[in-house]
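The values are calculated or read from the model by the stated rules, or taken from the named source; none is laboratory data. Computed from a predicted structure; not experimentally measured. A quick note on method: Cβ atoms are made from the backbone with ideal geometry, for glycine too, and the neighbour counts reach across all protein chains shown. Areas reflect the complete protein model, heavy atoms only, side chains present, ligands, DNA and RNA absent. Shrake-Rupley method; radii C 1.70, N 1.55, O 1.52, S 1.80 Å.
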Amino acid sequence: MRKKHLGYLVLIIIIIGAVIIAVIHGNSERQNKQAAGSLGMDYVCKEYTESASLRVATICKPLFGGSGYQVVLEDSSGQSYYVIIVLGTTRNLVTMDDLTKEVREGTTVFPCHQ
């Protein structure tokens, strides 16, 4: 009987640990997406449209393969801008790839859709 109780106790500890890790990872992922959206907005405002109001249409992160956050921004006239942002460990910008021109010309497909 004691072995059965010990087994349940170990199982409960493992489950609680997994839940804590999932919560921490989810919070970190949310903060990363906010940082990527903010960096994308700053870039698009500087490069394309300084006066238009922008909003983040969507942010995606590939489940398998690929790196970085795929950010789609939209201005007040409905024009979309497509950037891929790779963040460092402290949510700093490592690289940014602007695919707006290629997506508009149809030479590339942006994996993250609105």
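Assorted remarks:
- Shown for the chain: the carbon plus sulfur share of the solvent-accessible area, taken with all protein chains present and a 1.4 angstrom probe, equals 59%.
- Total formal charge among the other residues, if their Cβ is under 13 angstrom from that of Thr108, Lys/Arg +1 and Asp/Glu -1: -2
- Structure-derived Rg/Rh (Cα atoms, Kirkwood Rh) - corresponding label in (1) 0.94; (2) 1.06; (3) 1.23: (3)
- For region 58-104, the list of chymotrypsin sites (Phe, Trp or Tyr not before Pro) that fall in a loop by DSSP and count at most 12 other C-beta atoms within 10 angstrom reads Phe64.
- Scanning residues 5 or more positions from Leu93 or on other chains, those with amide H under 5 Å from its amide H are Gly88, with H placed 1.01 Å from N in the peptide plane.
- Gain upon complete extension [Glu102, Asn27; 0.36 nm per residue less C-alpha separation]: 23.7 nm
- Straight-distance candidates among the lysines for linking to Lys61, with alpha-carbon spacing under 25 Å and chain neighbours fewer than 8 residues away dropped: Lys33, Lys46, Lys101.
- Shown for the chain: cysteine residues without a partner Cβ closer than 4.7 Å, namely Cys45.
- Taking 0.36 nm per residue of separation and subtracting the Cα-Cα distance, full extension of the segment from Thr49 to Ser77 would add 9.0 nm.
- Estimated FRET transfer efficiency when R0 is 22 angstrom, pair Leu11-Leu63 (beta carbons, to 0.05): 0.20
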